[in-house]
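What follows is one structure encoded as structure tokens, with my remarks underneath.
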Amino acid sequence: MAASIIVADRVTKVFEAGRRDEVVALKNLSLEVTEGEFLCLVGGSGCGKTTFLNLVAGFLPPTEGVIYLRGRAIAGIEPRAGMIFQSYALLPWKTVAGNVEFGPKMKRLPRAERR
């Protein structure tokens, strides 16, 4: 049996949309992705695809439920993980090299290793 890579167990994500309103982005989602499987998230705008990816990346906590990555509950941003955003996620005041170097610099890697 293949090892579980991602497991979502009854995950719900609710966003507050004002004082009394809320938006339910995901409701009671359960799924398992095992080693060797290919996952494709398909759906209309606003159906929860990006919300789910943000939960897996640790950018957002679930309102209910838990997501496991390789058997460990996701508790925050995984420093070794990366994510490519649909829109530019660059620091406009930095050069291309400065943007590329930013992550390693925040990890306090020596200049020679950053290049």
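What does the charge count around LYS49 come to, taking other residues whose C-beta lies under 15 Å from its C-beta (Lys +1, Arg +1, Asp -1, Glu -1)? Don't skip to the answer; put the middle values down first.
Details: positive: LYS13, LYS27; negative: none.
Summing Lys/Arg as +1 and Asp/Glu as -1 gives +2.
Around LEU109, under 12 Å between beta carbons, what's the net of Lys plus Arg minus Asp minus Glu among the other residues? Don't skip to the end; give the middle numbers.
Details: positive: LYS105, LYS107, ARG108, ARG111, ARG114, ARG115; negative: GLU101, GLU113.
Here the charged neighbours net out to +4.
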(request) Once you have the Cα-Cα distance between SER30 and ARG72, take 0.36 nm times their residue separation minus that, and quote the gain in nm to one decimal. (result) 13.5 nm
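Based on Cα coordinates alone, diagonalise the gyration tensor for the chain, multiply each eigenvalue by 5, take square roots, and list the semi-axes in whole Å, largest first. Before the final figure, lay out the partial values.
Values: eigenvalues 176, 86, 37 Å².
After scaling each eigenvalue by five and taking roots: 30, 21, 14 Å.
Can you give the helix-only mean residue ellipticity at 222 nm for the chain, where every DSSP H stretch with n ≥ 4 adds -39500 (n - 2.57) and the sum goes over all residues, rounded to the nearest 500 deg cm²/dmol?
It lands at -5500 deg cm²/dmol.
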(request) Quote to one decimal, in nm, the extra length available between GLU16 and ALA2 on full extension: 0.36 nm per residue of separation minus the C-alpha distance between them. (result) 1.2 nm
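Residues with beta-carbon under 14 Å from that of ALA97, excluding ALA97: net charge, scoring Lys, Arg +1 and Asp, Glu -1?
On the way: positive: LYS94, LYS105, ARG111, ARG114, ARG115; negative: GLU101.
That sum, taken over residues with Cβ under 14 Å, equals +4.
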(message) Please give the charge dipole size of the chain, origin at the Cα centre, charges +1 on K and R Cβ atoms and -1 on D and E Cβ atoms. Round to the nearest 20 debye.
(response) 640
(request) Determine, from the Cβ-Cβ distance of LEU109 and GLN86 and an R0 of 25 Å, the FRET efficiency 1/(1 + (r/R0)^6), rounded to the nearest 0.05. (result) 0.35
(message) Rounded to whole Å, give me the distance from the Cα center of segment 95-113 to that of segment 21-85.
(response) 28
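Only the coordinates and a few stated rules stand behind these numbers; no lab work does. Note that this is a predicted model, so its numbers are computed, not measured. Every residue, glycine among them, receives a Cβ derived from its backbone with ideal geometry; neighbour counts consider all protein chains shown.
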